[in-house]
Each structure stands twice: as structure tokens, then as C-alpha cells.
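The values are calculated or read from the model by the stated rules, or taken from the named source; none is laboratory data. What you see is a predicted model; the values in this text were computed from it and never measured. Every residue, glycine as well, gets a Cβ built from its backbone with ideal geometry; the counts of neighbours run over all protein chains shown. Accessible surface is based on the protein model in full, side chains and every heavy atom, while ligands, DNA and RNA are left aside. Shrake-Rupley method; radii C 1.70, N 1.55, O 1.52, S 1.80 Å.
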Amino acid sequence: MTAITESVDLDRRGRIAVLTVNNPPVNALSQHVRQGLRDGVRAANADTSVDAIVLACAGRTFIAGADISEFGKPPREPGLHEVLDLIERGPKPVVAAIHGTALGGGLEVALACHWRVAVKSARVGFPEVKLGLLPGALGTQRLPRVAGVEKALQMIVSGDPITADDALKHGVIDEIVDGDLTAAAVAFAEKVVREKSPLRKIRDLDEKVAAARGKPEIFANFRKSVARQTRGFRAPENCIKAIEAAVNLPFDEGVKRERELFVELLNSPESKAQRYFFFAEREAAKIPDVPADTPAKDIKKAGVIGAGTMGGGIAMNFANAGIPVTVVEVTKEALDRGLAVVRKNYEISASRGRFTAADVEKRMGLITGTTDWNAVKDADIVIEAVFEEMPVKKEVFARLDGIAKPDAVLATNTSTLDVNEIASATKRPESVIGTHFFSPANVMRLLENVRGAKSSKTAIATAMAVGRRIGKVPVLVGVCYGFVGNRMLHQRGLQAEKLILEGALPHQVDKVLTDFGFPMGPFAMSDLAGLDVGWRIRKGRGTKSPVADRICELGRFGQKTGGGYYTYESGDRKPIPDNEVEKIIVDVATSMGITRRPIADEEILQRLLYPMVNEGAKILEEKIAIRASDIDVIWVYGYGWPVYRGGPMFWADQIGLKSLRDRMLEWKKQSGDDFWTPAPRLARLADQGKGFLDK
Ligand code: 3H9
């Protein structure tokens, strides 16, 4: 075996050269990999005792793409295009041997080879769109030539990988092999040599792209079908344009067009944000004092206390992951009601084709409902999801303390309450941790894990691991009112209320945020969640929210009553601005002596989002969040912050903290309101000309 570079080896199996990439963890196409592939292919092509080349990978996967950490840095030779050209135009057959995931640049390498074989468990795809990019090494030109235009559009614009079976069906791979992959690929290569098969260069295939030529409606229809989910993103449209070029231009012209469209994306703020977010998400898994090898409890059985909306949703997560879960309720009626909702949710998913009727039964079969608390005595984790009141929570934990096995993790789904106080109701506060799910709990990806003062490292490692196992993105935070997400949201809510009194209307405020990229604004969100809950809490505490209180007094509790800040037509969730609400707002403003004025959208946006950033700065200073990027992960996965704007802390850095601080100081001067005092960390970083994310 010859080492071509530190990450590429050249080996021989008879007259077949085997080039193996070994660049852990995912064999990304770093400079030394590209160089190794180029030099290895050159050497094999020059060697007269070699008939064909197999390109394989060591470790857990085929090449998973370009090295994302190289983007934005000066390019280093050789470029990927050069390497791919050398493979495809070379005189000898090249066979890609795929296992794990062939993604992005990895699939582009495979498509430059003349044939592709894969193991059955392999998956292939172009996830570039999720990084705000397009497959920029001829993927947009080659894929439609093998898979057809519709399949290429679907794969490239969704970014989702497909299975080996699907890839075989659509011509993306040529054979699925059993047993030793490299041996099978070598046998495949020997066969094409023996049969003198002409080299299959995808660039020369025209049939599948020709089928779409002169049919612009294919693209028009596709654009329409993805308009909703791609709103605000830049990359999907460039992906579509590049595939259009594959159809309408000769191969080399299409390649040039792909390049232009790729470079445009590479330099875009959207891609910068999405690439940042790729690493932010992975960073969130790292907890400085709880290293990755900290033993986490293996969760074989879970318990959930409470079969309400949250409890039911949490139980679904476990059932979806194949983990048996016991749900405890106080009364049989409440239990039946809760489990009926769970079943209905599953049936809706099945009716939409997400899974089969048999899957519904399988999942329901993993959920056991009971009114007997003793049923959770053998659970490895018990998650409490009862009414959000401290005495109730403490009672639950005291009771659990007497029932759960000694090494069980006891978790609370509180969204605001003090996890330390809840833990104090037990004799084992080290086993207690917060697991704050977001509604709907079976859908939202975020899991805010809340570390109590006494939470053990095992409890933390378990909450992080179980979060990942049930498909969530767990982020560890500390104890404070509202933790990270709701604490920042509260600041935004305060300004939203002020803005409508000072002159804006709910639909204007909401539109500013939906234009920014949020799925909905604060008023539409309140209507969806229901205004009565907040009203009841305010009455209990003796606090007021003048406009919301007046709206509630009319029995308008939001969508469920046909009206709140907006009016809703029966069976329709579309918010319709309401004159009656406008009148209430104007009346309240007048009674408070406020002279209403027109407020520009820019001011609305800044007044809603700057206070969130300021609160984020306080959260960092208090060490409630481990790092600024964790706050961004929370906002993207829990609150619909558009990922192409990175998250509030990244976004603030792009604006420049000095500009943010100065604006806050102006408002402070104008209003005399201490609300606008910049947090010490924000002020300090602004003085230093730095950002939250600067190391
Ligand atoms: C592209 O290819 C553009 C082309 O069209 C060419 C244009 C010219 N680069 O996710 P994990 C790191 S764009 C650098 O936890 P898993 C990751 O940060 C690329 N680093 O593992 C992490 O580091 P750490 C298109 C990468 O098993 C570690 O590897 N390709 C890359 O859950 C483990 O990652 C993609 O977008 C990379 N490409 O999932 C694929 N990938 O341990 C991106 C990973 O320090 N990758 N790292 O935190 C993935 O989707 C997943 O990593 C994968 C494995 C499914 C492969």
C-alpha cells in the first residue's frame, strides 16, 4: 500500500488499483484528500499494470462532502473540478464503492466515476441547499442526466438523502452489493474490463435532460410546489436555475452557469449564516465539564407524568424512537382523553402518508396509560408534564422520589419554574434535571435541558443523549425565569405591546416579523396559543396588560373562540385584522395619554429584536447559556428564527454591536426608559469592536 497523501492510500487487488480515502470523521474533501485523489488517479492511469480503479473510503462513511470549514477561506489547489475532470476523462474505468453516506461533493465524486456500486444501507444526496449552497462540482449537471429532471429537482432542492434502493431505481447507482464492499467493487471493475464496456461518462448522456427540454412548465410547477417551504431562502432558486441550465445548455455551458450560481450563493449572507449554523448545532452537543465519554444511562423504558397536550406529545417522541413509555394520569377520563389525542395525531400522520396504519398500532402499542404511579417504578427516566405551578410540581417530585428506582433520571418539563426548588422536593436532587420541550412536543426539534445546581453529570449526559435519540436538538442551559428562549421572548413581547399602543397595529407588527422570516408574529402567535392563560396568570398576580385584558374581557381568547387580536373565519386559521380590536387599542392609548404616530417597519424590527439580543447578552454574562451560538440554536429550533439569518446573536454580530448599542442608547435618551440600557457585555464588546461570536 502506498500513501499518496496523509489521507489517501493507493493499493492493488490484482490488476485493479484501489484508492482509499481515510479522513475521519466523515472523509470530507479537505485539500489533502483532493490532492490524494488527483495524484492517485494520475498514478493509476500511468501504470500499465492497472486496468481499472476502485475509489473507496475507510471508516464509517463514503465522502460526506466538501470540507465546510474551508469555505470562505482562500481556495487551495487542486480544486475539486480538476480532480473530477481527471477521473471522468481518464482512459481507465473508475468505480465508486459507496457505504455510509455519499453526500454533496462526495456524491459529485461518485458521479464523476464511470460506475457506482453501494451497500444496501448506503444513502446518497445533495445537502448543499441546507448550507445555503448548491452542488457546485457539477452535481446539478450530472444528477439530472442520470436521475431525470424531476428527481434531481426534488433531491437537490430538498437536500434530503435517498436510500440505495431509491438511488438504484433512479440510475444514481448501478448496483447494490452484499458482503465486502471493496471486493465487490473490484469484481465489478474486473467485469467491465473483461467485457470491454465503454466508459460511461455522465456528461455525454442526454436522454433524460432532453425529455424535459422545451417544457418550462416542469420548472414552473416545481417552483410553485416548493414556494412555501423555501420562502426567504436564496439557495433553492439557484438550484432550480442550475438544473434548468442542465436541460437547456450544452454540458460545458451548464457547468459555467452552475459555477456562477454557486459563487453567488457562496458569497451570500444566507449561506454564511447557514454554514455558521451547521457548526453551531454540533457545538451545542459539547458541554465543557461533561465530556462526550461521560456515561449516560441507557433508556430502556420511560415514564411521563401527565397526559395533557405536552405529556402526550412527549410520550409520542419515545414511542416514535421505539422506546416503551408509561403515561400516568390522575383520572381515567383525563388519561383516555390524552391517549385519544395521541392516537388522533398518529392517524392524521398516517392519513398524510407519513407512515402506515400498522405503524400507528406499533407506536400506540409502546405507550401504556395508567392511573397507577407504581407503573413508573422501573422507568429509567420519568418526565413530569403537569400543571405549571410550583406546589403541584413539588408534590409530583416528592411522590416520584418514593417510587422511581434509585438511578432513574427525574425530569421536569417546566417552562419557567425554578428547577432547584423542584429538585429540593426529593432526596436526590442530583438526579433531577429540566427537559423543556416545545409545543407541539412531538414536532418541535428543540429540547432545552435545564441544569440544576445539583444535577449530576450522568443526569446531564443522559438528558442530552436521550434528546438526540428521540430526534431532538438538545441545548443545555442554566436555571433562571423562562430559561433562555422564553426569557428572551418575553422582552420581545413587552415591545410588541408598546408598539401597538404607540401607533402600530398587530398586523403591521406581525408582518415585519414574517417578512424577516419568522413563521408568525407575536400577535398571531398569542392567538394560536390562547390569550386566556396569560389573562388568568395576570389576574392571579394582580398585573395588567391593558390591551390584552380588554380583548379577553370580550371573551376573545384567540383562534379557539374565533377571535383574539384578529378575527378568524370558521375552519380557517388565517388572521384577519379587526376594527374592533383597533378601536380598543386606540381607546387604551388615549386613556394612557399616548399620542399615536406612524411607526416605520425598521423601527418595529429593531425594537422587537434588539431587546432580545440585549437579554441574550445578560444570559451569557450570567452563564445561563454556555455560548452565544447555543442561544442561536435555541431560537432557530424552538421559535422559528429563520436559519438563513443565523440566530439572534449571529444576526447582531452581522449588524455590528456598536450600531446596536448606539441605537439602544438613543431610545433610552428619547424615552427615559431603563429598559434600553445596554447589558454590560453588549456595551463592552461594542467598545472593543467585537461580536458575541468572536473568540
Ligand atoms: C459540498 O459538498 C459542496 C460541494 O457541492 C462542492 C462545491 C465546490 N466538512 O454531523 P456529525 C464534522 S458542501 C467539515 O456530528 P454524524 C462535524 O462538524 C458539503 N466537517 O456526525 C463534526 O465535527 P465535531 C455537503 C464536517 O455521524 C463531525 O464531522 N455535505 C463535515 O451525526 C461529525 O459530524 C454536507 O453538508 C464537512 N462536510 O453525521 C454533509 N461534515 O465532531 C454534512 C461533518 O468536531 N455532514 N463534519 O463536532 C453531515 O450531514 C453529517 O456530518 C453526516 C454524519 C451525515 C455526514
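Is it true that some residue in segment 22-42 is more than 32 Å from the chain's Cα centre (by Cα) and without any contact (Cβ under 8 Å) to a residue 24 or more places away in the chain?
Within segment 22-42 (the criterion being more than 32 Å from the chain's Cα centre (by Cα) and without any contact (Cβ under 8 Å) to a residue 24 or more places away in the chain), the answer is no, since none of the residues qualifies.
For segment 527-567, name all the residues that are open to solvent by 20 Å² or more (accessible area, probe 1.4 Å), touching a Leu at 6+ places or on another chain (Cβ under 8 Å) and part of a loop (DSSP other than H, G, I, E, B).
R556, F557
Yes/no matrix, rows are residues, columns are (1) farther than 22 Å from L80 by Cα; (2) more than 24 Å from the chain's Cα centre (by Cα); (3) not basic (K, R):
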residue	(1), (2), (3)
A96	no, yes, yes
H99	no, yes, yes
V119	yes, yes, yes
G125	no, no, yes
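If a residue must be open to solvent by 10 Å² or more (accessible area, probe 1.4 Å) and either away from the ligand (no atom under 15 Å from the Cβ) or touching a Leu at 6+ places or on another chain (Cβ under 8 Å) (or both), how many such residues does segment 52-71 contain?
5
Please indicate, with yes or no, whether at least one residue in segment 650-659 is among the charged types (D, E, K, R), over 17 Å from the mean Cα position of the chain (by Cα) and part of a helix (DSSP H, G or I).
Yes: one or more hits.
Have a look at N374, N420 and point out the one that is part of a helix (DSSP H, G or I), open to solvent by less than 70 Å² (accessible area, probe 1.4 Å) and either of a type outside the set (A, V, I, L, M) or at pLDDT 95 or above (or both).
Testing whether each residue is part of a helix (DSSP H, G or I), open to solvent by less than 70 Å² (accessible area, probe 1.4 Å) and either of a type outside the set (A, V, I, L, M) or at pLDDT 95 or above (or both) leaves just N420.
Would you say F397 is over 27 Å from the mean Cα position of the chain (by Cα), buried (at least 16 other Cβ atoms within 10 Å of the Cβ) and in a helix (DSSP H, G or I)?
Judged against the criteria, F397 is a match.
Scan segment 410-439 and report the pairs whose first residue is over 14 Å from G482 (Cβ atoms) and among the charged types (D, E, K, R) and whose second residue is at pLDDT 95 or above and not in a loop (DSSP other than H, G, I, E, B), with Cβ atoms within less than 7 Å and a gap of 6+ or a chain change.
Hits for this filter: K427/D401; R428/D401; E430/A459.
From the list A235, A227, exactly one residue is within 34 Å of the chain's Cα centre (by Cα) and surrounded by 15 or more Cβ atoms within 10 Å (Cβ to Cβ). Which is it?
Going through A235, A227 in turn, just one is within 34 Å of the chain's Cα centre (by Cα) and surrounded by 15 or more Cβ atoms within 10 Å (Cβ to Cβ): A235.
Name the single residue, out of those in segment 431-478 being of a type outside the set (F, W, Y), in a loop (DSSP other than H, G, I, E, B) and closer than 20 Å to I624 by Cβ, that is most open to solvent (accessible area, probe 1.4 Å).
Checking each candidate, the answer is K454.
For segment 73-115, name all the residues that are within 13 Å of the ligand (Cβ to nearest atom), in contact (Cβ under 8 Å) with a residue 40 or more places away in the chain and charged (D, E, K, R).
R76, E82 - these are the residues of segment 73-115 that are within 13 Å of the ligand (Cβ to nearest atom), in contact (Cβ under 8 Å) with a residue 40 or more places away in the chain and charged (D, E, K, R).
Evaluate the following for F483: is it at positive phi, within 25 Å of the chain's Cα centre (by Cα) and in contact (Cβ under 8 Å) with a residue 40 or more places away in the chain?
Against the criterion (at positive phi, within 25 Å of the chain's Cα centre (by Cα) and in contact (Cβ under 8 Å) with a residue 40 or more places away in the chain), F483 qualifies.
Tell me yes or no: at least one residue of segment 6-13 is polar (S, T, N, Q), under 29 Å from P161 (Cα atoms) and modelled with pLDDT of 95 or more.
yes
Taking segment 185-208 as the search range and keeping residues that are out of contact with any Asp or Glu (no Cβ under 7 Å at 6 or more places or on another chain) and open to solvent by less than 40 Å² (accessible area, probe 1.4 Å), which one is nearest to L134 (Cα to Cα)?
Only one residue tops the list, namely I202.
Just give me the residues in segment 509-526 being buried (at least 19 other Cβ atoms within 10 Å of the Cβ) and part of a helix (DSSP H, G or I), in sequence order.
Correct list: V509, D510, V512, L513, P522, F523, A524, M525, S526.
Can you tell me which condition L131 does not meet? The list is (1) farther than 30 Å from V636 by Cβ; (2) within 12 Å of the ligand (Cβ to nearest atom); (3) open to solvent by 10 Å² or more (accessible area, probe 1.4 Å), and all the others hold.
If we test L131 against (1) farther than 30 Å from V636 by Cβ; (2) within 12 Å of the ligand (Cβ to nearest atom); (3) open to solvent by 10 Å² or more (accessible area, probe 1.4 Å), just (1) comes out false.
Tell me, which residue of segment 134-150 that is away from the ligand (no atom under 11 Å from the Cβ) and among the β-branched types (V, I, T) is surrounded by the fewest Cβ atoms within 10 Å (Cβ to Cβ)?
The residue in question is V146.
When segment 479-500 is examined, which residues are found to be closer than 24 Å to A423 by Cα and open to solvent by less than 10 Å² (accessible area, probe 1.4 Å)?
Residues satisfying the conditions are G482, F483, V484, G485.
Hey, can you tell me all the residues within segment 657-684 that are closer than 21 Å to E622 by Cα and either in the same structural domain as G493 (by TED's automatic domain parsing) or polar (S, T, N, Q) (or both)?
T677
Let me confirm something: among A245, A280, which residue is open to solvent by less than 20 Å² (accessible area, probe 1.4 Å) and not assigned by TED's automatic domain parsing to the domain that holds G132?
A280
To keep it simple, each residue is scored yes or no on (1) among the hydrophobic types (A, V, I, L, M, F, W, C); (2) assigned to a helix (DSSP H, G or I); (3) surrounded by fewer than 24 Cβ atoms within 10 Å (Cβ to Cβ).
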{"site": "P598", "(1), (2), (3)": "no, no, yes"}
{"site": "E602", "(1), (2), (3)": "no, yes, yes"}
{"site": "R607", "(1), (2), (3)": "no, yes, no"}
{"site": "N614", "(1), (2), (3)": "no, yes, no"}
{"site": "A617", "(1), (2), (3)": "yes, yes, no"}
{"site": "L620", "(1), (2), (3)": "yes, yes, yes"}
{"site": "I634", "(1), (2), (3)": "yes, yes, no"}
{"site": "Y637", "(1), (2), (3)": "no, yes, no"}
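Being outside the structural domain of D407 (by TED's automatic domain parsing) and not in a helix (DSSP H, G or I) narrows it down to one residue among A496, A504; which is it?
On inspection, the qualifying residue turns out to be A504.
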